[in-house]
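Taking it in order: structure first as structure tokens, then the write-up.
The values are calculated or read from the model by the stated rules, or taken from the named source; none is laboratory data. Small disclaimer: the values here were computed from a predicted structure and weren't measured. Here the Cβ positions follow ideal geometry from the backbone for every residue, glycine too, while neighbour counts run over all protein chains shown. What goes into the accessible areas is simple: the full protein's heavy atoms, side chains included, and nothing from ligands, DNA or RNA. Shrake-Rupley method; radii C 1.70, N 1.55, O 1.52, S 1.80 Å.
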Amino acid sequence: MINLISLCQNAEKIGISGHIRPDGDCVGSTMGLWQFLSRRFPEKKVEVRLERPSELYDFVPGVSKIVDNEDDVVYDVYFVVDSVPERIGMAEKYYNAAKIKVNIDHHITNEGAGDMCYIDAGASSASELVYDLIKEADPEGEYMDESLAKTLYLGIIQDCGVFGYSNTSSKTMRIAADLISYGFDFPKLIDETFYEKTFLQNKVLGEALQKSVLCLSGQFIYSILTREDIDRLGAGEHDFEGIVNQLRYTKGVKAAAFLHEIPEGGYKVSLRSGGDVDVAKAASAFGGGGHVRAAGCTLKGTPGQIVERLTAQISEQL
Ligand code: AMP
Ligand code: MN
Ligand code: MN
């Protein structure tokens, strides 16, 4: 395991990034690491370079301090968390220029990159791995407090579906037990970040369900929202979370895909499965990745062409 203290004690500048379109685990793990390192090493420059997360996560300490990618800084240590280095967008130049490159991740498709890595595909979340590293660096919990505990707990619940997905282990539960002992209001956190949707998000979900198509003898379901649909609904990039899971909960379905057209062009594809289909394998075939039951990629082409390619990949596994 990486020792954060020996790794960082001689560094002056430390950088942290997570993947583009940051989700709750990405926010929890990057901000959790940032909170710990900036508290443990107050004399050092510790910075997070990340795409703007959903406003839902504005309460997380550190989010308001995310730096943009305008300047050139050579970091002594650079952490890529919850991602491969190729998926951190504009921040990749800082990773490439950094003196020591570190990769912390739980995606099965991540083969490990950089000078040091802590990759465990068995972990529920990158936040769980950051907890491990903090525990190792600070066994007495001197730098752990309510807000750091809440930040890591946020990341864990987002990636393990509030302990409902198969990536939840007894270790995940033990870590969660330790974290809630710091006293934050966890039922409120779960409601407000996992279950609660805005009126618009529910409308978008409704539209996606209306448009869904069941194929491969009822085993594959997909739904597509084009730019036209998205503009008509008035939806933004943060309004699609959770849709693919709802599609997957259709009786008889073994794999689900939700596609939405993205501002950069092409479609973001989110894939989910109940375990019989390896969606990480399907996503990898298109240059994406993820986990057996949850994966993603981006694809160019018309919705018809994309669906044809996806259906062929899924069908191969049924
Ligand atoms: P999403 O459908 O975006 O919620 O992603 C599901 C899982 O797959 C998450 O763990 C993502 O981090 C991962 N994932 C999504 N897109 C990609 C990609 N292009 N490359 C690697 N992993 C991805
Ligand atoms: Mn993530
Ligand atoms: Mn994750």
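Excluding residues fewer than 8 places away in the same chain, name every one of the aspartates and glutamates whose C-alpha is closer than 18 Å to that of residue 101.
Hits, sequence-local ones excluded: 12, 47, 72, 76, 82, 86, 92, 111, 115, 120.
When the distances between all Cα atoms of the range 173-283 are binned every 5 Å from zero, what whole-number percent does each bin get?
2, 11, 19, 18, 15, 14, 11, 7, 3, 0
For the charge dipole of the range 190-252, defined by +1 on Lys and Arg C-beta atoms and -1 on Asp and Glu C-beta atoms about the Cα centroid, which residue among 230, 205, 247 has the Cα displaced farthest towards the positive pole?
Of the options given, the answer is 247.
Between the range 283-306 and the range 19-71, how far is it from one alpha carbon centroid to the other, in angstrom?
27
Could you sort 272-284, 213-225, 131-143 so that the peptide with the highest average Cβ count within 10 Å comes first and the rest follow in order? Before the final figure, lay out each step's value.
Numbers: 272-284: 20.6, 213-225: 18.0, 131-143: 15.9.
With the highest mean Cβ count within 10 Å placed first, the list reads 272-284, 213-225, 131-143.
For the chain, with every protein chain kept in place, what is the accessible area per residue (1.4 Å probe, Å²)?
Numbers: 14200 Å² over 318 residues.
I get 45 Å² per residue for the chain.
What is the dipole size for the range 157-209, taken about its Cα centre, with +1 at each Lys and Arg Cβ and -1 at each Asp and Glu Cβ, in debye to the nearest 20? Mind dumping the intermediate values first?
Working: 5 positive and 7 negative charges, 27 e Å.
Roughly 120 debye for the range 157-209.
Could you look at the range 68-215 and say what percent of its accessible area is carbon and sulfur, using a 1.4 Å probe and all protein chains?
Numbers: 3510 of 6940 Å².
With neighbouring chains kept in place, the figure for the range 68-215 is 51 percent.
Relative to the longest principal axis of the C-alpha atoms of the chain, give the angle of the C-alpha long axis of helix 170-180, reported between 0 and 90° and rounded to the nearest 10°.
That works out to roughly 60 degrees.
Of the listed peptides 243-249, 44-50, 109-115, what is their order by residue-averaged count of other C-beta atoms within 10 Å, with the highest listed first?
Working: 243-249: 19.1, 44-50: 21.4, 109-115: 15.3.
Those peptides, ordered most packed to least, come out 44-50, 243-249, 109-115.
Under 8 Å for C-alpha pairs, at least 6 residues apart: give me the relative contact order for the chain, rounded to a whole percent. Intermediate values should be presented prior to the final figure.
On the way: 607 pairs, mean separation 40.4, N = 318.
Relative contact order here is 13 percent.
Using a Cα-Cα cut-off of under 20 Å, which lysines could be cross-linked to residue 251, ignoring same-chain neighbours fewer than 8 residues away?
Partners within reach: 211.
Stretch residue 262-residue 72 to full length: gain in nm at 0.36 nm per residue minus the Cα-Cα span?
Values: separation 190, 0.36 × 190 = 68.40 nm, distance 2.82 nm.
Between residue 262 and residue 72, full extension yields an extra 65.6 nm.
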